Amino acid sequence: MKELVEVIAKALVDNPDEVVVSEKTDGRNIMIELHVASSDMGKVIGKQGRIAKAIRAVVKAASTRENLKVDVEIV
């Protein structure tokens, strides 16, 4: 899941070197934190949060196949 979020985020931002993805696991629950440059924050969130919702939807679909619960937080 971490790699999936990283690939998507790097494709969206202007500074892909500043994309940092961390993953915390607690049983079947996984928390993914996405850190981007402050200038790229708007590109990752999108208008009215549409891109952020799309990222979360893709990760949720991928995690359902593995029977996991994944939360994505953009920091």
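The values are calculated or read from the model by the stated rules, or taken from the named source; none is laboratory data. The structure presented is a predicted model; accordingly, all values stated were derived computationally and were not measured. As a convention, Cβ positions derive from the backbone with ideal geometry for all residues, glycine included, and neighbour counts pool all protein chains shown.
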Could you give me the residue pairs with C-beta distances under 6 Å whose first residue belongs to the stretch 55-74 and is free of Cβ contacts under 8 Å to residues at least 40 places away in the same chain, whose second residue is of a type in the set (A, V, I, L, M) and assigned to a helix (DSSP H, G or I) wherever it lies, and which are 6+ apart or on separate chains? none
When the stretch 2-57 is examined, which residues are found to be surrounded by 14 or more Cβ atoms within 10 Å (Cβ to Cβ) and on the phi > 0 side of the Ramachandran plot? Gly46
Could you please tell me which pairs satisfy a Cβ distance under 6 Å, a separation of 6+ or placement on different chains, a first residue in the stretch 5-28 that is more than 13 Å from Met41 (Cα to Cα), and a second residue that is at pLDDT below 95 and in a loop (DSSP other than H, G, I, E, B)? Arg28/Leu68
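Mind checking whether some residue in the stretch 16-36 is of a type in the set (Asp, Glu), out of contact with any helix residue (DSSP H, G or I) (no Cβ under 6 Å at 6 or more places or on another chain) and not in a helix (DSSP H, G or I)?
Going residue by residue through the stretch 16-36, those that are of a type in the set (Asp, Glu) are 17-18, 23, 26, 33.
Now narrow it down to the ones that are out of contact with any helix residue (DSSP H, G or I) (no Cβ under 6 Å at 6 or more places or on another chain): 17-18, 26, 33.
The next check asks that each one be not in a helix (DSSP H, G or I); those that pass are 26, 33.
Looking through the stretch 16-36, at least one residue is of a type in the set (Asp, Glu), out of contact with any helix residue (DSSP H, G or I) (no Cβ under 6 Å at 6 or more places or on another chain) and not in a helix (DSSP H, G or I).
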What tally of residues in the stretch 58-75 results from selecting those that are surrounded by 12 or more Cβ atoms within 10 Å (Cβ to Cβ) and outside any helix (DSSP H, G or I)? 7
